[in-house]
Every structure is written in C-alpha cells, then in structure tokens.
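Undergrad: Shown below is the structure under consideration.
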Amino acid sequence: MKEIPRKNLKLLLAAGLFLALTALKLLFPAQTASARSALRELIGSDAGYVAALSALGEGLAGDGEVRSVFLELAGLGGGRETKPFTQETIADLRAALPQLTPVETPPAEEPEDVPEETPPAVAAFLEAQEQFADYPVPASVSYAYPELPFDYVSPVAGMTSSGFGYRLHPLKDEVLFHYGTDFAAWTGTEILAFAGGTVGMVGWDAGFGNYIIVQHDGGWRTLYAHCSAVYVTGGQAVQAGECIGLVGATGNVTGPHLHLELSCDGVYYNPEFYLA
C-alpha cells in the first residue's frame, strides 16, 4: 500500500480536527476549551502538530487565525503573519480598487461641428463679390468679421453709394479693389468719429482730398476722406460720436461723400459689417 505523504497527512488531520472542533463549539460551547486541551495532550508526541493545532484552537476561539493554521499544516505558511479579514480591511480594499484596477472608459464623443450662421451683412457682401471670383483677394484684405474691442457708432448720416471690395471704378472704368465704403451725403454733413481714440494724422492727398486718420484700441484705425472741413489736429483725443469734420468733395471724386476705411495692423476689413 502506497504511503500517504506526511504533508498530505497533516492536511487531512487538520481538516478532520477542524470539523470536529467546529461541531463541538456549536453544540457544546462550554466544553470547547477542555476538548482543545485534550487534543493538545493527544498529539503531544509531535511538536509540529502541537504548535499548529494550538493555533487552530485559538482560531476557533475567534481570533481569525484559522486560515493561517491550514497554511502552516500544508507547509505553505512560510512563517508569514496573516492579516485577519475584518470589515475595516474590506472597506480599505474597496476604496483602493479604483486605483488598483484601471477602468476602461469609452472615448468621449467628439462634438459635431456646427456651422456658424453667416451674418446677413457678410452673406450679402460675399454674394455681391461672386461676380469677381476670378480676381484674387488682396493680401492686405480680410473678409472676416472680427469683434471690435470698443464701442462704435455710424460716422455719417448717409447711404452707401459704393461698397467695400471689387468694383468697376467710376472714373477709371476698370475693375479695381475698393478698400473702404463710400457714404453719399450732402456737403457739410457732420462726420463723427467711428470710435474713441487719438487722431493719428490730418492731411491732404490728391486722391483722398482732405483726410483724417484716427487710431483706436487694439491696433485698429479709421480713415475719413474727401472732407470739406477738418475740426481736429494730430495727437488730439476724440470720443466715439464726436464731430471731427464735414463731408465734402475734395480729391478725386464724382460727388460729395465720405470715404471710410477700417483696418487693423495693416489689414483692411469691411466697414459695412459693423454699420449694417
């Protein structure tokens, strides 16, 4: 007959004693202590069994070391202390699980690109420029509609007679880019500062006639041309809506009007976007 290995014999003996002592503890709790002592004397001939089963008896008394006893009997304990499974330990483990176990989360859905609605003034301008689609937009021009960093007002009480962009020049009879907007008005109509700022220059030009340049916050600039009178001087501070001159027909014109330009850092924008 094949001999049962000592290690397996220990394990079987421990299991049997565990079941016996558990039943005894449940049925006769008062006799559990004396039975435990008797078992120690019964197996006193083997020092290894005495140490292991003594620890088993203490486990039945409620100190939570039963699991370590079985490990020792099976030769797997290695003398390492086993931490009891208390409610506090389980709570700590649950708290640590999110850090120990990475949770795969589905990738966030990218927001759909919602096309921005084109302002009516911009749409009308782009539609009007379609007939000049073969002409390149000058490098110093932008068809964008940026928000201005200041308050502004209409500079003149008049109607648009020639808009920003490509047009058939009224005097040269050829398609040229118009860098400003012309507002038809009677001579002597007040010209108001588009926004607050500082007068950068006042002068006369063969094409512009009498003109005024006002510097605004953020690198913005406005130019007012063909004035019949100028009421400001270079370096003067002006407020939005302040009268800075009068409409006229000076320079190269076909009639009295205000030519208004709006630019920022050398790039020209359509004034009509802000005055529609």
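The values are calculated or read from the model by the stated rules, or taken from the named source; none is laboratory data. Everything numeric in this text was worked out from a predicted model, so none of it was measured. FYI the Cβ positions are ideal-geometry reconstructions off the backbone, even for glycines, and counts take in every protein chain you see.
Undergrad: Does Y231 qualify as being touching a Gly at 6+ places or on another chain (Cβ under 7 Å) and among the aromatic types (F, W, Y)?
TA: Judged against the criteria, Y231 is a match.
Undergrad: Now a separate question. Please find, within the stretch 164-197, the residue that is surrounded by the fewest Cβ atoms within 10 Å (Cβ to Cβ) out of those that are of a type in the set (V, I, T) and under 20 Å from A229 (Cβ atoms).
TA: Applying the filter and picking the extreme gives T187.
Undergrad: Which of the residues that make up the stretch 177-204 are part of a strand (DSSP E or B) and either in contact with a His (Cβ under 7 Å, 6 or more places away or on another chain) or at pLDDT below 95 (or both)?
TA: Residues satisfying the conditions are D182, F183, A184, G197.
Undergrad: Would you mind finding the one in V156, V122 that is closer than 21 Å to Q215 by Cα and either part of a strand (DSSP E or B) or not small (G, A, S) (or both)?
TA: Result of the check over V156, V122: V156.
Undergrad: Need pairs with beta-carbon distance below 8 Å; first residue touching a residue at least 40 places away in the same chain (Cβ under 8 Å) and within the stretch 132-145, second hydrophobic (A, V, I, L, M, F, W, C) and assigned to a loop (DSSP other than H, G, I, E, B); sequence gap 6+ or separate chains.
TA: Cβ pairs passing all conditions: Y143/V137.
Undergrad: Can you tell me which residue within the stretch 216-242, out of those that are part of a strand (DSSP E or B) and within 44 Å of the chain's Cα centre (by Cα), is surrounded by the fewest Cβ atoms within 10 Å (Cβ to Cβ)?
TA: Per the criteria, the residue is A237.
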